[in-house]
Amino acid sequence: MIGLPLVYLLSGVMFAAFAGLSLADRENPKRLGNAAFWGLFALSFLAGDHLGDLGNGVLALALAVIAGAGQLGVGVPKTTSPDQRESLAARYGARLFVPALVIPVLVLAGSLVFKRLTLHGTPLVDPKQATLISLALAALVAAVLAQVMFRQPPASAVQEGRRLMDLVGWAALLPQMLAALGAVFALAGVGKTIGELAVMITPADSRFAAVAAYCLGMAVFTIMMGNAFAAFPVMTGGIALPLVIGRFGGDPAVVCAIGMLSGFCGTLLTPLAANFNLVPAALLQLKDRYAVIRAQAPTAVLMLIVNVILMNALAFHA
Amino acid sequence: MLTLLGVAVIVLGFALRFNPLLVVIAAAMTSGLAAGLTAVEVLAAFGKAFNTNRYVSVAWLVLPAIGVLERAGLREQARRTIQGLRAATAGRILLAYLALRQIAAALGLTQVAGQAQTVRPLLAPMAEAAADPLSDDDRQRVRAISAATDNIGLFFGEDIFLAIGSILLIVGFLDQSGITVEPLALSVWAIPSAIAAFLIHGARLLLFDRTLKPQAEDAA
């Protein structure tokens, strides 16, 4: 069965290639740092299951130390100049969009079809990972297609991948690191403590106050934990079930649906949701690491207010 | 209560702009030690979770394809497409994208677009081309709001789809608490917020055009 191990192998090979090319890149004064960083990341993908928990912890610590010590540079592999790109764009025109569109089409097709493929009765592809496997396959096909259609040099896929990866830099690792932090926070009972605090300060006497406390609690907890999914059980168990639904008779479907969306308002406001908020800032080479959050903030705050009003208006039928 | 110090480390560390990877490890250490674990236990727990969450980083596999396309002129082609449209403004392009992203996410197609595969190579260059000529500061603002529009479209669309993670989480949680809710009932009640998000962010996008300072074309 094709599953996550194959996707991890592919990722490991890609990062190992980034590491090797970084090492050979004499124009990057920090090439050793880059090689070590991407090399360790490759090791995690290729051999993470054999390193042991402590081994993986040391690996994560080493990655953080390399990045924190400023040892990560930006490699500048030879690529086409802006003028060359203009003339390539003029030559190939709209055909350039084809491989870019192949990615979503294959992801969609794969996630629908892979779940049904079986070989001698066992699934050919792990159904739980169908989307991730489709994404890996789509990325591979699109890279090869782009190389062939536009006659790009054979090494360009890896070199261009490295160019973009170095632009993202340490931010590439942050979403995974934050997921690990979430697990440690759960182990230490951080979420439970915040939930108890929120319940303690929630006013229990008015319906509107309970609704506002639940929505606001979802958003604030999400800002602190970086993830609305972590906030939902704590806030809903602490405030929504006993008060909004229990005492004031709110419709659970309305309360929970809008409660989750209030959490999403928090996601738009927190640097802890790194893959949405910090990674794009790196990808788009923004000077201010928090520029995307600033751009989202007015919408997020207004939507939080709207969610409180909507829940108050829609959840109570009688 | 002491375990909350980890959250304080995160807030301070991010506010003072230390390297976030170090801040994350320091926060894990703080909360773990406060909860009575040893440093080695915290590091092992962190390492275990780091390893099981590797799937989060698989999305980077898309970079080589995007890189080759950029090398062959994809971003320039995205610009050229927009330059042919007289009515195009940054705000209108982003508004159209917001609608598409919300609708696609509502149909469960959350992975068809994203920051690496759509915003960097296509959306941001298109929005910039429609607003050119731009000052450096305004260019940064156009890029930031392009990324923001992708996130907002995704967040306020995906919950309308029945089988998305957050809906399944709600159904499972309520079920444990003895309340049965149909996924359909939940996704229906995500629609009012989705419409409000489109109106609010859409209005902001149209107003955004007016905040871009006109730039003298003959800067030379």
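The 3J(HN,Hα) values that the Karplus relation (6.51, -1.76, 1.60; θ = phi - 60°) gives for segment A:165-172 are, in residue order, 4, 5, 5, 6, x, 4, 4, 4 Hz. Gly and Pro appear as x. Largest mean-square fluctuation among B:A65, B:A197, B:A15, in a Gaussian network model of chain B whose springs join Cα atoms under 10 Å apart, belongs to B:A15. Residues whose amide H lies under 5 Å from that of A:I2, counting only those 5 or more places away or on a different chain, are A:V125, A:D126; hydrogens are built 1.01 Å from N in the peptide plane. Taking 19 Å as the cut-off, the amide N atoms of segment A:4-25 that come nearer than this to a point 7 Å along the Cα-to-beta-carbon line of A:K128 belong to A:4-9. May I ask for the angle, rounded to the nearest 10°, between helix A:130-149 and the longest principal axis of chain A, with both axes built from Cα atoms and the value confined to 0 to 90°? Value to nearest ten degrees: 30.
What is the gain in length, in nm to one decimal, between A:A313 and A:V148 on full extension, counting 0.36 nm per residue of separation less the C-alpha to C-alpha distance?
Details: separation 165, 0.36 × 165 = 59.40 nm, distance 5.68 nm.
Here the answer is 53.7 nm.
GNM on chain A, alpha-carbon springs under 10 angstrom: the most fluctuating residue among A:C215, A:C265, A:C256 is A:C256. What shape does segment A:9-126 take by its C-alpha gyration tensor, where a ≥ b ≥ c are the square roots of the eigenvalues and a/c under 1.5 counts as rounded, a/b above b/c as prolate, and the rest as oblate? Judged from the Cα gyration tensor, segment A:9-126 comes out oblate (a/c at least 1.5, b/c at or above a/b). Take chain A and mark each of the trypsin sites (Lys or Arg not before Pro) that is in a DSSP loop with at most 12 other Cβ atoms within 10 Å; the longest unmarked stretch, sites excluded, is A:152-286.
For the protein assembly as shown, lysine pairs with C-alpha atoms less than 26 angstrom apart, excluding pairs fewer than eight positions apart on the same chain, total 7.
Each residue of segment A:273-282 was assigned a 3J(HN,Hα) from its phi angle through the Karplus expression (A = 6.51, B = -1.76, C = 1.60, θ = phi - 60°), giving 8, 5, 5, 8, 10, 9, 4, x, 4, 6 Hz with x at Gly and Pro.
Overall shape: prolate for segment A:189-314, with the ratio a/c of the largest to smallest alpha carbon gyration tensor axis at 1.5 or above and a/b above b/c.
Each reported figure results from applying straightforward, stated rules to the coordinates on display, with no laboratory input. All of these numbers come straight from a predicted model, not from anything done at the bench. No Cβ is skipped: glycine too gets one built from the backbone with ideal geometry, and neighbour counts run over all protein chains shown.
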